[in-house]
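Trainee: Below you will find the structure I want to go over with you.
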Amino acid sequence: MAARRFLSDLAAIFPSDRLLTERAQLIPYESDALTAFRALPRAVVLPESQDEVIETVQLCYRASIPFVARGSGTSLSGGALPDEDGVVIALNRLNRIIRVDAEHRLAVVEAGVSNLAVSKAAAPYGLYYVPDPSSQSICTIGGNVAFNSGGAHCLKYGMTSNHVLGIKVVLPHGDIVEMGGESLEGVGPDLVGLFVGSEGLFGIALEITLRLLPVPESYRTVLAAYSSMKDAGDTVATVVASGLLPGAIEIMDNLTIQAVEQSFDAGYPTDAAALLIVELEGEANQVEQEFVELEKIINNSAAYSVRSARDDIERSQIWKGRKGAFGALGAITQAYIVQDGVVPRTQLGAVLSEIDELSVQYGLRVANVFHAGDGNLHPNVLYDGSQEGMLERAEQLAGEITKLCVRHGGVITGEHGVGMEKRDYMREMFAEVDLEMMQRLSRAIDPRGIANVGKMFPGQGVPGV
Amino acid sequence: MLPTSQYEVQEAVLQSSVPLRVRGGGSKSALSTSSSGEAVLELSSLNGVLEYVPEEFTFTARAGTQLSEIEDMLAQNGQWLPFDPPLGGRGATLGGALAAGLSGPGRYRFGGTRDFVLGVQWVSGTGDLLRGGGRVVKNASGFDFPKMMVGSLGRFGVVTEVTFKVFPVAQQFSTMVLECDSLNDALEAMTRLSSCPLDIFSIDIEPPATLLVRLAGEGRALSLRMRRLGELLGDGEILLGEQEEDLWVQLRDFSWLSPGECLIKVPITPAVIPTLEARLVGEKSQRRYSVGGNLAWIGWHGDVNEIDIILSESNLSGLRVLGSAGAAWVGAPASAMAFARRVKDVLDREGKFLPI
């Protein structure tokens, strides 16, 4: 009865075309980009205003119905997995860019605005929004905020958290709180810092004030091929030790290169054991001087083939393969699991060879494509889900890799978040007392346990599996 | 109380019957001076670097380690904390910089204390020894307790150990000092720079109308960039070398303050500056507008209640940094502080630390 009452209350807020309750309507929302977890929610609502979101949350609170906020559903950690008893608040239509303030280098946007749309809106002013997760053309700022998304430029520029100035949040009991503001500085505890990456457990970001930076005037991108992963890794170490601060340093292994070349014609040498991309960006004179230094380092490294982009077209050619790597992997395997551990840069070589050993041991291929500059690995465990027991074996291998990262002084996730997928590995990284404190905080902010429950913390039921 | 280990900090917290005021180097007098009914937990003996691998661009040290010690260590390896952590020359500690949430002029380019802290070990009001964040430069695992500690003034817990990201230090620096005809001219020049691609490192304004623009980078490119800056702004005085460095060191250590003046940090946006300056000029104050007009430092030599009123009337909030004991925050936003209190109720339910 309570459930029927709840649905009729929702119907009082939303017209029928924005309140989905039929099975066929709900199926597109049953999982996000981590398709191994699925759950059909009770309902999906499509708010078009902040007030509709607030009313929905208040309603959920009164009825103790769980809610999950969802942007474009690109989470790789199952962060937007629905609760079977709950409602999905789909925020794609809450997508106003409220303003771009070029003078103050900021943009105020609603949660459903896509990451790339912010940079597009800022472009006429010579500004851009720095964080660039691979899914940036569709992933939303609200999702980026909830999971503290990264991208290829985190060593130099940090993650989402480092580019959010203020957030208007609806808390799980329906109150509104404004954290931060428009200034780069604040007084009082850094609540914006606490909220970003809280994975929806503290409520829903409605409106976000983002920091913008001037678009780099010039880029210099170099692609170098190596006959061993170790040589590529050593070159990264030399680049970093030289005092250069590249915008991006990326590595792909042979399996990834093969996959990329099958899908696109990126012109990568398919015989390379490892490909290194290093990109400098900034003021033109500065970049030219730095590039002289970088070329020297790369030419003195063990690279057997080096290609520098001479213009924007060649630059995007180099990046095309890297940015499309995850998609390309889909073409050479029935399915794959993406891992997201981070290790100290000096441990990259050791960790990669241990991954190789594990791959042999498990009889599963692992394709490595990663942000070498910040030590963020993306080992992709390839498997065939139609074969009995293979998914379980792949999950086990992925878990081993995650634990391996922690053992080498790293963390379980660099940018995808814990979500559903890595909950059980939180214990590898944190002591029981740390997890208990995080959970107590979560319960205090969300006493009825309705805000994206089940995510982040280990030892809870798994809906829909 | 002068703990020398995190376990002694735990002991001190568990045994304390009056609220604890956490003090590092005592360089921020308004925050470290105790009032009656409190006890001081002094962290200056909880010091020392625990891990530093220059290739990783990170270090871990105990919270009571002096900033100057860290800066010397980093400099030997061509690295630095690029946000000019304030009061390093006056004995400020890492933990103090974090808890007070202070950053200097260099914060403009790459971010401040909040953007460079990666991990913390801390003792909550419940006496638990906890960890948050990690020791690597990228991390999305669990709640970001390290950032929550920034600006929390030890109200949530005592940070005992911190991990920071560091950067390679720029090869050279150059600063243009431009005397403008009016404050509005200086602000207008700053606006022109806000979206220019020169990779400006710092922009400060010294009233009445002096604009300071700092660039950092490779030497030959730097002179070309300074020339471009001149084309944008007109000719100013160019500072290089020691003189240039001293200017910014003095700014971050507030050498411009008169004896006895208290210091208040006020987050702003550039749009606020004309009104704030008009309100304060001729009053008992000095001002420096830092971080591209995102931060006002106010040196005040009148009754502190008066400046509180001025800030409230201007709809601004502030943090008292130097001066006598008193309320730390002025006019902090109500809904955010209410949320912070809910957080505190969990982390420090018995009120072992000062209230928010």
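Trainee: Would you confirm whether or not the stretch A:123-136 contains a residue that is more than 14 Å from every other protein chain (Cβ to nearest Cβ) and aliphatic (A, V, I, L, M)? Explain how you work it out, then say what you get.
Mentor: Let us first name the residues in the stretch A:123-136 that are more than 14 Å from every other protein chain (Cβ to nearest Cβ), namely A:134-136.
Still in the list and also aliphatic (A, V, I, L, M): none.
Within the stretch A:123-136 (the criterion being more than 14 Å from every other protein chain (Cβ to nearest Cβ) and aliphatic (A, V, I, L, M)), the answer is no, since none of the residues qualifies.
Trainee: Take the stretch A:102-115 and flag every residue that is closer than 17 Å to residue A:166 by Cβ and touching a residue at least 12 places away in the same chain (Cβ under 8 Å).
Mentor: If the condition is that a residue be closer than 17 Å to residue A:166 by Cβ and touching a residue at least 12 places away in the same chain (Cβ under 8 Å), then A:104, A:105, A:106, A:107, A:108, A:109, A:110, A:111, A:113 are the ones that fit.
Residue by residue, here is whether (1) closer than 26 Å to residue A:6 by Cβ; (2) crowded, with 20+ Cβ neighbours inside 10 Å; (3) free of Cβ contacts under 8 Å to residues at least 24 places away in the same chain holds:
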{"position": "A:60", "(1), (2), (3)": "yes, yes, no"}
{"position": "A:63", "(1), (2), (3)": "yes, no, no"}
{"position": "A:74", "(1), (2), (3)": "no, yes, no"}
{"position": "A:77", "(1), (2), (3)": "no, yes, no"}
{"position": "A:89", "(1), (2), (3)": "yes, yes, no"}
{"position": "A:100", "(1), (2), (3)": "no, yes, no"}
{"position": "A:117", "(1), (2), (3)": "no, yes, yes"}
{"position": "A:122", "(1), (2), (3)": "no, yes, no"}
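Trainee: Would you mind stating whether residue A:207 is at pLDDT 95 or above and either touching a Pro at 6+ places or on another chain (Cβ under 6 Å) or assigned by TED's automatic domain parsing to the domain that holds residue A:342 (or both)?
Mentor: no
Trainee: Restricting attention to the stretch A:33-83, which residues are among the acidic types (Asp, Glu) and either within 19 Å of residue A:114 (Cβ to Cβ) or in the same structural domain as residue A:338 (by TED's automatic domain parsing) (or both)?
Mentor: A:48
Trainee: Continuing with the same structure: Could you check the stretch A:285-304 and list, in sequence order, the residues that are within 9 Å of chain B (Cβ to nearest Cβ) and open to solvent by less than 30 Å² (accessible area, probe 1.4 Å)?
Mentor: Listed by number, the residues that qualify are A:286, A:287.
Trainee: Do you know which residues across the stretch B:83-105 are part of a loop (DSSP other than H, G, I, E, B), within 12 Å of chain A (Cβ to nearest Cβ) and touching a Pro at 6+ places or on another chain (Cβ under 9 Å)?
Mentor: Quick first cut of the stretch B:83-105, residues part of a loop (DSSP other than H, G, I, E, B) only: B:83-87, B:91-92, B:101-105.
From what is left, the residues that are within 12 Å of chain A (Cβ to nearest Cβ) are B:83, B:86, B:101-105.
B:83, B:101, B:102, B:103, B:104 - these are the residues of the stretch B:83-105 that are part of a loop (DSSP other than H, G, I, E, B), within 12 Å of chain A (Cβ to nearest Cβ) and touching a Pro at 6+ places or on another chain (Cβ under 9 Å).
Trainee: Among the strands (runs of 3 or more DSSP E) contained in the stretch B:264-356, which hold 1 or more residues that are open to solvent by less than 40 Å² (accessible area, probe 1.4 Å) and closer than 28 Å to residue B:41 by Cβ?
Mentor: Passing ranges, in order: B:295-300, B:318-322.
Trainee: What's the number of the only condition in (1) β-branched (Val, Ile, Thr); (2) within 22 Å of residue A:148 (Cβ to Cβ); (3) modelled with pLDDT of 95 or more that residue A:381 fails to meet?
Mentor: Of the numbered conditions (1) β-branched (Val, Ile, Thr); (2) within 22 Å of residue A:148 (Cβ to Cβ); (3) modelled with pLDDT of 95 or more, the odd one out for residue A:381 is (2).
Trainee: Scan the stretch B:25-37 and tell me whether some residue there is within 14 Å of chain A (Cβ to nearest Cβ), touching a Ser or Thr at 6+ places or on another chain (Cβ under 9 Å) and assigned to a helix (DSSP H, G or I). Spell out how you get there, then give the answer.
Mentor: The first filter runs over the stretch B:25-37 and keeps only residues within 14 Å of chain A (Cβ to nearest Cβ), leaving B:28, B:30-31.
Okay, now just the ones that are also touching a Ser or Thr at 6+ places or on another chain (Cβ under 9 Å), so B:30.
From the residues that got through so far, the ones that are assigned to a helix (DSSP H, G or I) too are B:30.
Yes, that holds for at least one residue.
Trainee: Just to check your reading of the model, which residue among A:150, A:186 is within 9 Å of chain B (Cβ to nearest Cβ) and free of Cβ contacts under 8 Å to residues at least 40 places away in the same chain?
Mentor: A:186
Trainee: A further question follows. Which of the helices (runs of 4 or more DSSP H) contained wholly in the stretch A:366-465 include at least 1 residues that are touching a helix residue (DSSP H, G or I) at 6+ places or on another chain (Cβ under 9 Å), among the small types (Gly, Ala, Ser) and at the interface with chain B (Cβ under 10 Å from one of its Cβ atoms)?
Mentor: Answer list for the stretch A:366-465: A:432-445.
The values are calculated or read from the model by the stated rules, or taken from the named source; none is laboratory data. Keep in mind it's a predicted model, so treat the numbers as computed, not measured. Heads up, the Cβs are rebuilt from the backbone with ideal geometry, glycines too, and the neighbour counts pull from every protein chain shown. Areas reflect the complete protein model, heavy atoms only, side chains present, ligands, DNA and RNA absent. Shrake-Rupley method; radii C 1.70, N 1.55, O 1.52, S 1.80 Å.
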